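The values are calculated or read from the model by the stated rules, or taken from the named source; none is laboratory data. Model, not experiment: these values are computed from the prediction. Here the Cβ is made from the backbone with ideal geometry for all residues, glycine too, and neighbour counts use every protein chain on show. Keep in mind that these areas ignore ligands, DNA and RNA; they rest on the heavy atoms of the full protein, side chains included. Shrake-Rupley method; radii C 1.70, N 1.55, O 1.52, S 1.80 Å.
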Amino acid sequence: GKLDASPAESKVSEPPAMIPKDEIEKMIANDLALSNFVCNILSKSPSDYPEWAKVDPKLIKVQLVSGMSPEKTIKLTSPSNNKSVFIKLFLEERQTEECFLPGLAVANDVLTQYGVAPKRIANGLNWYIQDEAAAKGTSSIETAEDCAALGALLAKVHQIPTDWFEKERQKRIEKRPFLQNVALGSHLWVHEVKATLWFVFPHFKEDPSLVKLLADHGAFAPVHEVGRRLVTVHGDFHPGNVADNKLCIDLDACCVAYATHDLGFMMACFDNKNWKKKAFLTAYLQTLGEEVNDVAIRNLLVDSTLALLCHWHSGGTLAPWLLVKKSVQEIKETIDFAQQVAKEVRSSTELQELLINEGLVAAVSKSDAYRNRLYDQLKKSTWYAKMQNELLESKASAESHVPAETESSEEQQQQQQQQ
């Protein structure tokens, strides 16, 4: 279904609150339809975006810049001055609840107020448009200066007051009462805001005790005083979500949580290059006005890397969509495994060194918890059961032949003696 529309035909008096999913799919497939939609909205404020009020939509350059997420992010560039905006479109039902994009708009307004996010131009319940500052692409982490710039930016985000989130949190508690007792620092708030906690709602319904088990950080909760601060977090802080090392974009997971949630993401981005980690954390601590020394950096490295256990990459195991196909019992076993790994790392200097220098996956692979889990999984496998049966059958067969062989041997000895 190609959707052709001229600028005149696509004029609307007000931006739609909700774009039907089939219309979003048509816009994604048809550059002109998407360009018309964006031009119509930008033309409502010609003083701010004069070039967009006059541009021919047919000449706009349209580029899909999304990652692997189901939502689509599309960059549109004006031919007259090469300036860009981007539109983000959400296709999944879980991302169109009344709390999702309005809450995201609140977060964006707060970060824009403090100069760490680009301006939001317009938004509905399943789409929004941001100005060109958000379309400058991935930030660099090639040099120590690059890493320090991101560390300083994250410190500025973490200095934003957290009171803005309380109203948003209460809205979600009213909708989902099981969140009432979830601590403010829990990673579950990131997933609730990101609309990914939805993946384990059936498990929570089956066993309400799972909420507390999954929400509590336990042994991988931060210990260092800087890491355990409750702060405004980006929620998905990495170079791909920072424009020009200066502004945060993609604020879908922005809420209040432990500082280590964001710090953990960045530790995973540095490919175990400790000079990058040190440059980043030094700038982070300096911007906060905190003391910088080797002990502080080491402790933050341990806290931040362990925080990855509840993330969705680089060794993380507790993100809701990684649990969706597991039974309640399997999820409990996964939580227990993460806790056992964290306890081992906390009590082992050797594992901490491995964690700092080679990352979470390397430390996990050397833990007793990992070896025990592998053995338990092996015992539950069909291969193990098959091998056990074959061994038992082989043993039974061997034992059944022993008496016959022994009797024959004794007869031969008696015959030899008689001879």
So the carbon and sulfur contribution to the accessible area of the range 11-161, 1.4 Å probe, in percent, is 51 percent
Less than 18 Å apart at the alpha-carbon level, and either on another chain or at least 8 residues along: which aspartates and glutamates does that give for K326? E206, D207, D336, D376
Tell me, in nm to one decimal, what length is gained between K61 and T382 on full extension, where the rule is 0.36 nm per residue of separation less the Cα-Cα distance? 110.1 nm
Report, to the nearest 10°, how far helix 382-418 tilts away from the longest principal axis of the Cα atoms in the chain, using its own Cα long axis and a range of 0 to 90°. 10 degrees
How far, in degrees from 0 to 90, does helix 100-113 lean away from the longest principal axis of the Cα atoms of the chain, to the nearest 10? 60 degrees
Relative to the compact-globule estimate 2.2 N^0.38 Å (N residues), the Cα gyration radius of the chain stands at a ratio of 1.31
Keeping the other protein chains in place, figure out the carbon and sulfur percent of the accessible area of the range 274-360, with a 1.4 Å probe. 48 percent
How do 163-176, 251-264, 328-341 rank on mean C-beta neighbours within 10 Å, highest first? 251-264, 328-341, 163-176
Determine which lysines satisfy two conditions relative to K83: a Cα distance under 26 Å, and not lying fewer than 8 residues away in the same chain. K11, K26, K44, K54, K58, K61, K72, K75, K119, K136, K246
To the nearest 10 degrees, how steeply does helix 294-306 sit against the main Cα axis of the chain, on a 0 to 90 scale? 80 degrees
Peptides 21-32, 229-240, 194-205: what's the order by average Cβ count within 10 Å, highest mean first? 229-240, 194-205, 21-32
Most to least packed among 286-297, 115-126 [average Cβ atoms within 10 Å]: 115-126, 286-297
Any idea of the accessible area per residue across the chain, 1.4 Å probe, to the nearest Å²? 49 Å²
